[in-house]
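Here's the structure, in structure tokens; my notes come after.
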Amino acid sequence: RRLLRSCEDKAGKIFDAKFNSNDELHSQEKLIKLSEGCDGILSALTDKLDAATINKLPESIKILSNFAVGFGNIDLDAAKKRNIIVTNTPDVLTDATAEIGILLILGACRRAPEGIEAAKESNWKWSADYLIGKQLTGTRLGILGMGRIGQAVARRAKGFGMSIHYHNRNKLHSEIESELEATWWESLDQMISRMDIISINCPHTEATHHMIGSNQLNLMQKHSYLVNTSRGEIVDEKSMTDHLISGSIAGAGLDVYENEPKIDPRLKKLKNVVLLPHIGSATIEGRVAMGEKVIINIKTVADGHTPPDLVLETLI
Ligand code: GLV
């Protein structure tokens with residue numbers, strides 16, 4: 001895909017690079033064909049590098065440098081079997097993504113989409129009970145996945161007076177837990193049934209696929225909200241939409257979807273959802289720094305070293 005101009009200029013100086021000048025969404029066949037004669041691929045989250053594709057890549061490919069912190073678009077096992085290194089862009093988009101998480105929490109709880117629409121259409125009149133939302137102070141936020149982004153959301157949420165709860169494979173180091181005044185829940189289901197807001201911040205892997213399915217949605221309280229800035233596949237989108245329509249959960253804030261760029265048409269009609277088009281890392285600061293990382297990762301591998309952002313199997 002196209003990158004920011006400054007990043008492409010730099011890549012062009014360092015590498016003998018083929019660019020995707022029209023920013024096309026290449027088919028898998030085209031990706032394979034274009035990678036002939038190349039040592040590495042700078043991929044985006046829209047490039048599906050599944051096992052079938054990776055197995056057909058030319059022998060010369062040594063690295064898949066993904067322009068994203070998530071790497072669910074790449075089959076790590078297949079890459080490993082072919083000795084192809086996979087890298088991502090962690091850290092530099094943590095704050096940007098956490099900001100979108102907070103925006104979605106606020107937007108859903110304070111009914112921003114309805115307010116924006118009414119203001120633009122000038123069809124509103126102040127009254128004591130108009131567009132009443134939920135105040136964040138004192139609410140319980142349950143974070144699913146307490147890695148870098150989850151912790152950044154927690155820090156910001158604390159500033160809004162929310163109490164922090166989390167479900168993660170591992171309990172955080174006690175110093176971080178005390179700083180965030182965070183409570184660890186070993187059981188996801190138990191946490192979900194007691195929270196006012198659930199924020200999804202874990203990576204999409206086989207283990208997290210549909211981790212929020214109909215059972216979990218059934219456990220959520222009627223007044224609670226679901227926010228997802230990670231990957232759409234972690235939530236069963238159809239079931240979530242059913243729950244939003246029936247009112248068994250209060251609302252949702254979503255930046256990611258199961259079949260991007262498609263969104264369940266029923267979801268788009270709802271008032272109690274804030275929908276954004278996968279812009280978690282879309283800040284100038286984030287995208288420039290991501291561009292730096294993808295280049296550094298390729299260059300390090302080309303120079304025969306271990307790249308700084310090697311995706312570790314332990315993340316799977
Ligand atoms: C964005 O979704 C990313 O994974 O970087």
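We did not get these values from a lab; they are worked out from the coordinates using the rules stated. Values in this document were obtained by computation on a predicted structure and should not be read as measured data. Glycine gets a Cβ as well: all are built from the backbone with ideal geometry, and neighbour counts include every protein chain shown.
Just a few scattered comments:
- Check on Ala108, in contact (Cβ under 8 Å) with a residue 12 or more places away in the chain, away from the ligand (no atom under 16 Å from the Cβ), buried (at least 19 other Cβ atoms within 10 Å of the Cβ) and not in a loop (DSSP other than H, G, I, E, B): yes
- The listed residue being more than 16 Å from the ligand (Cβ to nearest atom), farther than 26 Å from Ile197 by Cβ, crowded, with 19+ Cβ neighbours inside 10 Å and not aliphatic (A, V, I, L, M), out of Thr87, Thr139, Thr53: Thr53
- Flag for Ile102 being β-branched (Val, Ile, Thr) and farther than 17 Å from Asn297 by Cβ: yes
- Within segment 210-236, the set of residues being within 16 Å of the ligand (Cβ to nearest atom) and outside any loop (DSSP other than H, G, I, E, B) comprises Val227, Asn228, Gly232, Glu233, Ile234, Val235.
- Long-range neighbours under 7 Å by Cβ, at least six apart or interchain, first residue more than 21 Å from Gly37 (Cβ to Cβ) and free of Cβ contacts under 8 Å to residues at least 40 places away in the same chain within segment 63-86, second of a type in the set (Asp, Glu) and within 16 Å of the ligand (Cβ to nearest atom): Asn73/Asp47
- Against the test of being within 20 Å of the chain's Cα centre (by Cα) and farther than 24 Å from Gly253 by Cα, the options Leu76, Leu34, Leu93, Leu103 yield a single qualifying residue, Leu76.
- Restricting Ala17, Ala119 to those that are away from the ligand (no atom under 14 Å from the Cβ), surrounded by fewer than 21 Cβ atoms within 10 Å (Cβ to Cβ) and in a loop (DSSP other than H, G, I, E, B) reduces the list to Ala17.
- Test: residue in segment 203-215 that is loosely packed, with under 14 Cβ neighbours inside 10 Å, under 18 Å from the mean Cα position of the chain (by Cα) and not acidic (Asp, Glu): yes
- Filtering segment 238-262 to residues that are within 16 Å of the ligand (Cβ to nearest atom) and without any contact (Cβ under 8 Å) to a residue 24 or more places away in the chain leaves only Pro261.
- Of all residues in segment 276-297, those satisfying the criterion of being under 15 Å from the mean Cα position of the chain (by Cα) and on the phi < 0 side of the Ramachandran plot are Leu276, Pro277, Ile279, Gly280, Ser281, Ala282, Thr283, Gly286, Arg287, Met290.
One line per residue, one yes/no per condition, for (1) more than 16 Å from the ligand (Cβ to nearest atom); (2) under 22 Å from Gly70 (Cα atoms); (3) assigned to a loop (DSSP other than H, G, I, E, B); (4) of a type in the set (A, V, I, L, M):
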| site | (1), (2), (3), (4) |
| --- | --- |
| Leu267 | yes, no, no, yes |
| Lys271 | yes, no, yes, no |
| His278 | no, yes, yes, no |
| Ala282 | no, yes, yes, yes |
| Arg287 | no, yes, no, no |
| Thr300 | yes, yes, no, no |
| His305 | yes, no, yes, no |
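- Listed conditions (1) farther than 29 Å from Gly115 by Cα; (2) out of contact with any Phe, Trp or Tyr (no Cβ under 6 Å at 6 or more places or on another chain) are all met by Arg266, apart from (1).
- Asn73 vs. criteria in contact with a helix residue (DSSP H, G or I) (Cβ under 9 Å, 6 or more places away or on another chain) and either within 25 Å of Arg2 (Cα to Cα) or small (Gly, Ala, Ser) (or both): no
- Selection count where residues are free of Cβ contacts under 8 Å to residues at least 24 places away in the same chain, outside any helix (DSSP H, G or I) and over 22 Å from the mean Cα position of the chain (by Cα), scope segment 150-182: 2
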